[in-house]
Amino acid sequence: MFLKSPKNNKRISVSLPNKRQEIFVGKDLSNWIIGELLTKEYSGFIIFCDTNFAKIYKDLLIEFKEKLKPVDIILVEPSEDNKRFNFLNSSLERCTEANFNRKGCFVVLGGGIVGDIAGFLASVYMRGVDMVFVPTTLMAQGDTIINKVAISHKLLKNIIGSFYSPCTTVCDTNFLQSLSDEEISLGLSEIIKHALIHSKSFTNHLLKTLPFAMSDRNAYNWDEIVYKSLKIKGELVEKDPYDELEIHKGLSYGHTFANVIEGLSQFNLRHGEAVALGMRMSGHISHEMGILSKADFEIQEMLLDAARLPSKFPHSVDPDHIINYLKRDKISTNGEISLVILEKIGKHKVIRGVSEELVRATLIKFQP
């Protein structure tokens, strides 16, 4: 699906093995994508819509409905409980009842949870259908889907997944104006991660931007921030689309810890909070191992503090329980703990066989 660029936007083309994903970042893009979709020869549309989006942008949802005339609209409560087979199965039933075929297109409006649910379904329904994603949270924009979608099983976060991308992603930064400070903080966790693992210049840009307090966030150049974040993610995925060369794994910085503590909290800990804690712990381990310098570790901590992200667990945790789950993470092998760490600002690597004693001491250090 090749689109003409709208005016005053930033565009990223990500070349993947089986498709080219087009990502647009800018303002006032929602009406533009409706018009573009109408020019394509899709057999029909199903809209997946985040319930928060449906409440806040009711008129825009009506416009999508009236112009695209979807065969169904599936409302998705943005809860981790819905990132499971039960909701997936009910969505599958809706698709088949609507006689939706592989020449149709999913149009997905909302945050990362609805994106993952619809994206995973799009990857397997009739062996794959097109999807257009309009992410509406900072988390979903700054760390949007690029070649990976997943759902969870029990306490195992994102354990069932596919290599899949939307054909088109439209990041309309106007949506960020309706977000709370908390939602902005959560989204910044992934953006900070991208800067730390791959770009010293972007890290410096964030250092200059974030200390001006969250009260000034509407003055931030969000188009530039989201664009730079996704440019990094797109480059890493392009170089290693199937996560085989340990380039793509940089995107998992902080996530090995985050997936475990998020699941063990029964998903009461938000993803952005868990990722921030995961980065803090991974950075601490790297520094304790003599890999990450004190100066670079402090830069990471300054950014996470400026974004008002947590520095301690919200409640006591059992280190042995977490270590057991860390050994079962998809990045770990042979019963050993593996982690993505920072070598320095802008450079990451994977280390295997991380000392259990060091991990246990780190988990104790981060107790409340």
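General observations
- Criterion violated by residue 275 - all others in (1) within 17 Å of the chain's Cα centre (by Cα); (2) surrounded by fewer than 24 Cβ atoms within 10 Å (Cβ to Cβ) satisfied: (2)
- The lone exception for residue 1 - which of (1) closer than 24 Å to residue 227 by Cβ; (2) modelled with pLDDT of 95 or more; (3) among the aliphatic types (A, V, I, L, M); (4) not in a strand (DSSP E or B) it fails: (2)
- Among the residues here, residue 35 does not qualify as over 16 Å from residue 106 (Cα atoms) and of a type outside the set (A, V, I, L, M).
- Hey, residue 24 crowded, with 18+ Cβ neighbours inside 10 Å, in a loop (DSSP other than H, G, I, E, B) and not aliphatic (A, V, I, L, M) or not: no
- Filter result (within 21 Å of residue 175 (Cβ to Cβ) and touching a Lys or Arg at 6+ places or on another chain (Cβ under 6 Å)) within the range 118-140: none
- Every test in (1) in contact with a His (Cβ under 8 Å, 6 or more places away or on another chain); (2) surrounded by fewer than 17 Cβ atoms within 10 Å (Cβ to Cβ) is passed by residue 320 save one, and that test is (1).
- Test: residue in the range 241-261 that is farther than 17 Å from residue 190 by Cα and of a type in the set (S, T, N, Q): no
- Residues that are touching a Phe, Trp or Tyr at 6+ places or on another chain (Cβ under 9 Å) and assigned to a helix (DSSP H, G or I), drawn from the range 307-354: 322, 326
- Within the option set 53, 48, being within 18 Å of the chain's Cα centre (by Cα) and in a helix (DSSP H, G or I) holds for one residue only, 53.
Residue by residue, here is whether (1) modelled with pLDDT of 95 or more; (2) outside the structural domain of residue 193 (by TED's automatic domain parsing); (3) not hydrophobic (A, V, I, L, M, F, W, C) holds:
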{"residue": "272", "(1), (2), (3)": "yes, no, yes"}
{"residue": "280", "(1), (2), (3)": "yes, no, yes"}
{"residue": "285", "(1), (2), (3)": "yes, no, no"}
{"residue": "289", "(1), (2), (3)": "yes, no, no"}
{"residue": "294", "(1), (2), (3)": "yes, no, yes"}
{"residue": "320", "(1), (2), (3)": "no, no, yes"}
{"residue": "324", "(1), (2), (3)": "no, no, yes"}
{"residue": "332", "(1), (2), (3)": "no, no, yes"}
{"residue": "358", "(1), (2), (3)": "yes, no, no"}
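Condition check ((1) at negative phi; (2) basic (Lys, Arg); (3) touching a Leu at 6+ places or on another chain (Cβ under 8 Å)) across all residues:
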position	(1), (2), (3)
305	yes, no, no
310	yes, no, yes
317	yes, no, yes
327	yes, yes, no
348	yes, no, yes
355	yes, no, no
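- Of the helices (runs of 4 or more DSSP H) lying entirely inside the range 124-234, those containing at least 1 residues that are closer than 20 Å to residue 271 by Cβ and in contact with a Pro (Cβ under 6 Å, 6 or more places away or on another chain) span 138-142.
- Looking across the range 81-116 at every residue that is surrounded by fewer than 18 Cβ atoms within 10 Å (Cβ to Cβ) and either of a type in the set (S, T, N, Q) or farther than 23 Å from residue 127 by Cβ (or both), the one that is nearest to the chain's Cα centre (by Cα) is identified as 81.
- Residue within the range 242-252 that is outside any helix (DSSP H, G or I) and touching a Phe, Trp or Tyr at 6+ places or on another chain (Cβ under 7 Å) present: yes
- Filtering the range 120-147 to residues that are touching a Gly at 6+ places or on another chain (Cβ under 6 Å) and either among the aromatic types (Phe, Trp, Tyr) or farther than 23 Å from residue 37 by Cα (or both) leaves 133, 138, 139, 142.
The values are calculated or read from the model by the stated rules, or taken from the named source; none is laboratory data. Just so we're clear, the structure is a prediction, and the values are computed from it rather than from any experiment. In this analysis, Cβ positions are derived from the backbone assuming ideal geometry, glycine residues included, and neighbour counts consider all displayed protein chains.
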